[in-house]
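Engineer: Supplied in structure tokens, the structure appears directly below.
The values are calculated or read from the model by the stated rules, or taken from the named source; none is laboratory data. Model, not experiment: these values are computed from the prediction. Note that each Cβ is placed from the backbone with ideal geometry, even for glycine, and that neighbours are counted across all protein chains shown. Keep in mind that these areas ignore ligands, DNA and RNA; they rest on the heavy atoms of the full protein, side chains included. Shrake-Rupley method; radii C 1.70, N 1.55, O 1.52, S 1.80 Å.
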Amino acid sequence: MAYLEASVIDHGAVARPTGRTLCSPAKSNLSDFGGKSTAYETHAVVYYEGDPAKRLYELVRGSIMLYKLLPDGRRQVVEVLRPGDIFGLASTDENDCTAETLTSSIVQEIDLRQVERSQELQSILTKSLTSQMHVLHEHAVLLGRKSAVERVASFLMHLVPDRGGLGCAGPEDEENDGFDLQLHMTRQEIADYLGLTIETVSRVVSDLKRRGVIRVDKADKIHLNKVCSLCQMTGIH
């Protein structure tokens, strides 16, 4: 499957979860409260927008995107989750977005009624939501103020652990500041996350290649030639 240069994916044929109940593969906050672990295949839907909001979820392994659909079919990816993120909390009785896996994933889930009965679980949820609120604020700035180049650069920097943002210590070796990225989102998904068109994402990627900032080794693999050079293009400096 090609992820940036030429990507085709059938979003109409959505895989369903396997339904297997597994032993917890890793330490998870929700597992401490009796959460059930379920495996999902790539591009499986955990829940749809409008489904009854009855459970709280935690991503244990893999990657999940949360998105909303407009009446005309346009999609906005509102968040890309990573292991440890908690999701599924809605302000009404219905889920306000769709949760779909980007890779094969393992998810812990727990009944929302258990959250209401446990102060400890509520404390864990509060800390998680505070962290995710910061991420959503950054995404709002990206969508509202950043240029196309700044959006793509910010997206790629988000995939580099412990680099970028306030307090970044910079590279340990300025002469060897490269980094290999493995992408798990299609061109369309990246465009929907950044509020851009597929054509704009491809044009920016081609421009970054021409300027020597990145190297596209494979359709789903990008090498950052110098992380600091890309970071300086995110609009945070």
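Engineer: Over the chain, with the other protein chains present, what is the accessible area per residue in square angstrom, probe 1.4 angstrom?
Structural biologist: Here the per-residue accessible area is 54 Å².
Engineer: Pull up all non-local amide H partners of Glu94: gap of 5 or more, or a different chain, and H-to-H distance under 5 Å with H placed in the peptide plane.
Structural biologist: Result for Glu94 returns Ala53.
Engineer: Leaving ligands, DNA and RNA out of it, work out the accessible area of Phe179 with a 1.4 Å probe and give it in Å² to the nearest 10.
Structural biologist: Approximately 70 Å² for this residue.
Engineer: Another one. Within the stretch 140-175, find all residues whose amide N lies under 17 Å from a label point positioned 7 Å from the Cα of Asp96 along Cα-to-beta-carbon.
Structural biologist: Those under the cut-off are 140-141.
Engineer: Could you point to the residue in Phe33, Leu70, His137 farthest towards the positive end of the chain's charge dipole, with +1 and -1 charges on the Cβ of Lys/Arg and Asp/Glu respectively?
Structural biologist: So the residue furthest toward the plus end is Leu70.
Engineer: Give me the Å³ per residue figure for the convex hull around the C-alpha atoms of the chain.
Structural biologist: Details: hull volume 33.8 nm³, N = 237.
Cα convex hull per residue, to the nearest whole number: 143 Å³.
Engineer: How are the Cα pair distances of the stretch 62-169 distributed, in percent, across 10 Å bins from 0?
Structural biologist: 11, 38, 36, 14, 1
Engineer: At 1.4 Å probe size, with no ligands or nucleic acids counted, give the accessible surface of Leu70 in Å², nearest ten.
Structural biologist: The value for Leu70 is about 90 Å².
Engineer: Report Met185's accessible area, 1.4 Å probe, all protein chains in place, as a number in Å² to the nearest 10.
Structural biologist: 10
Engineer: In the stretch 91-237, carbon and sulfur make up what percent of the accessible area (probe 1.4 Å)?
Structural biologist: For the stretch 91-237, the apolar C and S fraction of the accessible surface comes to 48 percent.
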